[in-house]
Amino acid sequence: MSHLEDISLQVVQFYLSLDSDLASFQKQANYGCITGCSKCCTSPNIEATILEMLPYAFHLYKDNQAETIYDSLLSNKSPICSLYKTLQTETQKGGCSDYAYRALVCRLFGSSFTRDKSGESTLLACKDIKSTFPTLQVDVNKQAHDGLQVPLATNYYNQLSDIDYNLSKQQYPINEAMRLAIEMVLNHFHYSDPSSEDHKNAS
Ligand code: SF4
């Protein structure tokens, strides 16, 4: 296994552990995102690092979609995440078309906290979640004083940075982060791994 594949697998493992932490926290704190919303995905200001999108890029490569998606990202001038697909039903407005490979920010937003100097936690969330769960922050802070482990976004960004500092130090608009991650994977297989076809065929 190449170094880049190893890094990507570490990110996958990190995501699994993170998702499990957040699910267990939400269960204990008794809250969750609003079903069918996905409004945050329509923000034009979502940023991610290349490292966050490496598993997505490898996934595309294995599915023989990397070049096609790369070209579409090159010509895509929209600031909205290219993975967001609209769906107009009564209960669902749209959603992520490759949810398993979403970025770190997509996992943390609505589920993690920042902490101020006095130790109080603030949920990273939109107005809709805050108004749906108006007592959440107060409740979480009370539970935290009683020993509940609050998921802090900075801890997870630090863990990501520990996997690879260079690939995680720069934030890009999310479509650009995807494009750069795909470019890295394409270059990796094209220039440095003579067994690239073996890799595709093995997956
Ligand atoms: S990657 Fe998926 S979850 Fe994240 S902003 Fe894009 S559509 Fe939304």
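No lab work stands behind these numbers, since they all come straight from the coordinates. Predicted model, so just to flag it, every value in this text is computed and none were measured. Counting neighbours? That spans all protein chains shown, and the Cβs are built from the backbone with ideal geometry, glycine included.
Principal-axis analysis of the Cα atoms of the chain puts helix 50-62 at an angle of about 50° to the longest axis. Per-residue 3J(HN,Hα) values for region 175-189, derived from phi via the Karplus relation 6.51 cos²θ - 1.76 cosθ + 1.60 with θ = phi - 60°, read 5, 6, 4, 4, 4, 5, 5, 5, 4, 4, 5, 5, 5, 4, 6 Hz in sequence order (x marks Gly and Pro). Would you mind checking the tilt of helix 136-145 against the longest principal axis of the Cα atoms of the chain, expressed as 0 to 90 degrees and rounded to 10? Relative to the chain, helix 136-145 is tipped by roughly 80 degrees.
If one computes P(r) from the Cα atoms of the chain, what percent of pairs lie at distances over 32 Å?
On the way: 4474 of 20503 pairs.
The proportion of pairs with Cα distances above 32 Å equals 22 percent.
Evaluate E = 1/(1 + (r/R0)^6) for K127 and E183, where r is the Cβ-Cβ distance and R0 equals 25 Å; express this FRET efficiency to the nearest 0.05. In this case the efficiency is close to 0.10. Counting lysine pairs in the chain that sit 8 or more residues apart in sequence, or on different chains, and whose Cα atoms lie under 15 Å apart gives 6. For the pair T135 and Q13, a Förster radius of 41 Å applied to the C-beta separation gives a FRET efficiency near 0.75, rounded to the nearest 0.05.
Between L152 and F113, the built amide H atoms are under 5 Å apart, and every one of these is 5 or more places off in sequence or on another chain.
A cut-off under 14 angstrom between Cβ atoms defines the neighbours of F14, and their net charge, with Lys, Arg +1 and Asp, Glu -1, is -4. Take the alpha-carbon centre of region 1-79, take the same for region 135-162, and report the distance between them in whole Å. Distance between centres, Cα-based: 21 Å.
The residues neighbouring K27, those whose beta-carbon lies less than 15 Å from its own, together hold a net charge of -3 under the Lys/Arg +1, Asp/Glu -1 convention. Provide the net charge surrounding D71, with neighbours chosen by a C-beta distance below 12 Å and charges set as Lys +1, Arg +1, Asp -1, Glu -1. Once positives and negatives cancel, what remains is -1.
How far is helix 153-163 tilted, in degrees, relative to the longest principal axis of the Cα atoms in the chain, given as a value from 0 to 90 rounded to the nearest 10? For 153-163 against the chain, the angle is about 30 degrees.
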